[in-house]
Amino acid sequence: MTSDHPRPPPRRSLFGALGPNELKGLFWQVLVVGIAVAVIVFLWSNTVTNLSARRITTGFAFLGREAGMPIADSLLAYNPRDSYLWAFVVGVANTLRVAVIGIVLATILGTLIGISRLSANWLLSRLAAVYVEVLRDIPLLLQLLFWYVLMQALPAARAAWRPVEGVFLSNRGLILPAIPVGSPQLWVLGTAVLGSVAFYAIRRRLLAQQMRDGRPRPAWPFALGLIVALPAAVSLLLGVSWTIEWPQLRGFNFVCGLTLAPEYFALLIALVTYTSAFIAEIVRSGIQSVPRGQWDAASALGLRRSFMLRQIILPQALRVIVPPMTSQYLNLTKNSSLAVAIGYQDVVSIANTTLNQTGQAIEAITLIMAVFLTISLGISFFMNWYNARIALAER
Amino acid sequence: MSAIADIPDVPRAARRPQIGNPVLRWLRSNLFSSIPNGILTVVLLAVLTKGVISFVQWGIANAVWLTPANDSGACKAVRGLGACWAIIPEKYRFILFGTYPFDEQWRPGLSVLLFIALYFLSTRRALWRRELGYIWVGALALISVLMWGGVFGLSFVSQDRWGGLPVTLILATSGLAFGFPLGILVALGRRSKLPAIRSVSVLYVELIRGVPLVSLLFMASVMFPLFMPAGFNIDKLLRAQIAIILFAGAYLAEVIRGGLQAVPRGQYEAADALGLSYWRKHRLVVLPQAIRHVIPPLVNTFIAFFKDTSLVLIIGIFDLLTTAKTAIIDPAWQQFSVEVYIFVAAIYFVFCFAMSRYSRSLEATRAR
C-alpha cells in the first residue's frame, strides 16, 4: 500500500489489541483445549475412583514385585522369581531381537525383490510382482497364524528335516550350528569392529584426496589389513578357538547349537516376508525415479553396469527410498507386537500378562507406549541422520 | 515399462533386425536376452514347475472336496498328501457369519452385498457428488436394521452374536466413515495458526501413530471400563470400533495433511480475497483439491486399515479371522487349519486387490 496511510501504533493492552479474528482464534483455542482438558479430567477422575474401588494402588511400585510368569524364550537370563521390571526388560530385548534382525533381513529381501521387479527377465519380474501383490494384500496377522500352523505341522525333533548338514527344522523350531562366543572371542570381534571404524575413516580420506587430484587410490589393502588380518592376528596371539558347535539330537530335543523357537521363527518369517513386499515397492519406485538421462549418460561414459548401479543410480535412488523406508521400519517394529497372538513373549505380551496379573492397566499401557515411542524416536533419529547424510548436496 | 529392463537394451534392440516369428522374438528379448538371463529363466522355470506341480497334487489331484456332514475321516486319510477342502463347505457358514442365528444368516449375507455395492458405487467418479453421502447414510441405516433387527418383523439379534465377514466390513467401513472427518479436522488443526489447537493435534497424531494398534485395542478392551463412571459400560465391539476410529483418524490426518500442503498458496489467498470464512474456504476451495491430490495414498491407507481390522482377534472379537480360527478348534477338523486360512486369505485378498487395482487405475488417469 502507499506510505501516506501510516499503520496505527500497535497497542499493548491485553484484550484491547485483539481484533475480531484474534478473538475468534482465542475462542476456538480455549474451546478445544477446554474440551481436551475436560475429557482428560473426566477420564482421570473416573479411573482413580474405579481403581480405588478395586483396591489397586496406582504407581510403578509393583515393578519391584516378583513377576512369577514364565518366559520361555529369552536372550537375557530370567527366571519367574525375578521382578516385573526385569520381565519388562526381557520383553523389550525380545522385541528388539525380532525387530532388528527383521529389519535387516526385510531390507535385503525387499531390495532383491524390488530389483527383480525391474529385471529384463520377464519371468523374474512377473514372479516378483506376484510375490509383492499376494503378500501385500493379506493381513499380516493371518500370515503369521499361517506360518505358525506350518511350524507346528513340521515333523518332531527325531524326524527333523535337514535342508543342509547341521541345520535342523522341526516343530521345535530351527536349529543352527553355532560358535560359542565368550570373552576371548569378543576381544577378536571387538578388534574387527575397531578395524572397520578405522577403515571407514581412512576410506573417507582417500576419497577426499581423489576428489582433489582425480587419481583413484585403492582402499582394499586397508580393508584386508584392518578388518581381516588384524583380528586374525589377535585371534592367533590369544589362541582363541573357533570351534563350531554342531547341534545333536539327545532324547526328544537338541543340545548345542543355536535354537530359534517356532514362535520366534514364525514371527520373523511373517514380518520379513510381509515387510519385504512393501520395501520392494519402495526400492522399485526409487530406482524408477532416477531420470532416464542418468542411465544414458552413464552408459555413454562406458561405465560397467554394476559400477553404474552402485555409483550413479543408487545414490540418487536412495534419496527417494530412505524416507518411506523409515516408516516401513517403524511399521515392522510396531507389527512385532502381533507376537502376542502366537505366544512369543515380546514387550506387549509381557505387559499384557502383567496387566492381567496385577490389574495395573494404566502403568502397563504407559510402559508399552514409552517403549514404542522410544524405539520409534530412535529409528526416526537414525534414519533422519542417514537421510541428511545422503541428501543432495546442493551448491 | 521399467528403467533397468529397457534402457541398457535399447541400442542392441535397435540394431537387431525385426525379423522372424514375433513369438520367438518376444521370447528372445524377454527371457533369453543373454546367457545369464537364459540360465536364470531355465532355473526359474524349473522351480516354478516343481512348485506348481506339487501344489496341484496337494490342492487339486489329491484333495478331498466333499465329505458327509461332520465326518473328517476321508480328509484324515489323505493328510499330508492332499488338501481337505471339505472343511470349507462344512464350516463356511460359521466362518462367514459367526454365531449369528443360523436361520437368519441371510441378513448378514445381504449386508455384505450391500457393503460391496456401496464400495462399488463410491468408486464411480460420476457419483462423487453430494448424493453419494445420502446413499451412504441410507445404506448404513439399512445395514443396521438388517443386522440388529427388532423392527419390520425381523427378530432382534444383539451384537455379541454378530461375527465373521460382516463384522470385518463394519469395523473397516465405520472406522473410515468416522475416522475420515476426524482426520480432516485433525489435519486442519495441525496446520492451524493457533498454537493450542496445533499442539493438541500434533500430540494426538504422534501418540496414536507411535504405538502399535494392538496396544490401543488392549486399552479399549481393558482400560475403557476403568475410564468410565461405575456402572456405565458399552459393548466390546463398540469399544474396539472406537479404538479403530481413533487409529484411523491419526493416519488419515497425516495423508490429508500431505494433500493440504500440495494446495498452492494462491488458492488460500484467492478464497480469502473472496471473503470466505475459514470453514467455507476449506469446504469449498481447499479440501476438494487437497483430497483429490491424495486419493491414491488414501486408498492405500484404506487397504492397510482393512487388513488391520483383523487385529481385533487379539481382544477376542469375532471378525472374519477370529471365526476362521475358532472354526478349526473343532477336534475333528483341527488338523486342517491351512485350508481354512487359505480360504480366508482369499477373501481378504479379493477385497484388498480390488482396492489396490482401483488405486492404480486412479493414478494412471491422473498421470494422463
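The values are calculated or read from the model by the stated rules, or taken from the named source; none is laboratory data. Keep in mind the model is a prediction, meaning the values are calculated, not measured. Virtual Cβ from ideal backbone geometry, glycine too; neighbours counted across all protein chains shown.
Quick notes
- Condition broken by B:Val214, with the remaining ones in (1) β-branched (Val, Ile, Thr); (2) within 13 Å of another protein chain (Cβ to nearest Cβ); (3) more than 27 Å from A:Gln360 (Cα to Cα) satisfied: (3)
- Checking each residue in segment A:314-370 for being away from chain B (no Cβ under 11 Å) and without any contact (Cβ under 8 Å) to a residue 40 or more places away in the chain picks out A:Leu314, A:Gln316, A:Val320, A:Ile321.
- A:Val228 meets all of the listed conditions (1) without any contact (Cβ under 8 Å) to a residue 40 or more places away in the chain; (2) more than 27 Å from A:Ile101 (Cβ to Cβ) but one, namely (2).
- Restricting B:Ala220, B:Ala177, B:Ala172, B:Ala187 to residues that are aliphatic (A, V, I, L, M), surrounded by fewer than 18 Cβ atoms within 10 Å (Cβ to Cβ), more than 10 Å from chain A (Cβ to nearest Cβ) and not in a loop (DSSP other than H, G, I, E, B) narrows the list to B:Ala177.
Yes/no per residue for (1) more than 10 Å from chain B (Cβ to nearest Cβ); (2) surrounded by fewer than 15 Cβ atoms within 10 Å (Cβ to Cβ); (3) not aromatic (Phe, Trp, Tyr):
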site	(1), (2), (3)
A:Leu109	yes, no, yes
A:Leu127	no, no, yes
A:Val130	yes, yes, yes
A:Gln143	no, no, yes
A:Tyr148	no, no, no
A:Val164	yes, yes, yes
A:Leu174	yes, no, yes
A:Pro177	yes, no, yes
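- Considering A:Ile138, A:Ile103, A:Ile108, the condition of being without any contact (Cβ under 8 Å) to a residue 60 or more places away in the chain and assigned to a helix (DSSP H, G or I) is satisfied by A:Ile108 alone.
- The set of residues in segment A:38-70 being within 12 Å of A:Glu363 (Cα to Cα), not β-branched (Val, Ile, Thr) and not in a helix (DSSP H, G or I) consists of A:Gly59 alone.
- Where B:Ala196 falls short, out of the listed (1) more than 11 Å from chain A (Cβ to nearest Cβ); (2) among the aliphatic types (A, V, I, L, M); (3) over 17 Å from the mean Cα position of the chain (by Cα): (1)
- Boolean, B:Ala354 is within 30 Å of A:Ala153 (Cβ to Cβ) and part of a helix (DSSP H, G or I): no
- Residue within segment A:10-17 that is at pLDDT 80 or above, more than 10 Å from chain B (Cβ to nearest Cβ) and either part of a loop (DSSP other than H, G, I, E, B) or within 30 Å of B:Phe232 (Cα to Cα) (or both) present: no
- Taking residues in segment B:114-134 that are within 25 Å of B:Val167 (Cα to Cα), and partners anywhere that are surrounded by 12 or more Cβ atoms within 10 Å (Cβ to Cβ) and among the polar types (S, T, N, Q), the pairs with Cβ atoms closer than 8 Å and at least 6 places apart or on different chains are B:Phe115/B:Thr173; B:Leu118/B:Thr173; B:Leu132/B:Ser122.
- Filtered residues of segment A:44-67 (kept if away from chain B (no Cβ under 11 Å), surrounded by fewer than 15 Cβ atoms within 10 Å (Cβ to Cβ) and touching an Asp or Glu at 6+ places or on another chain (Cβ under 9 Å)): A:Gly59, A:Phe60, A:Glu66
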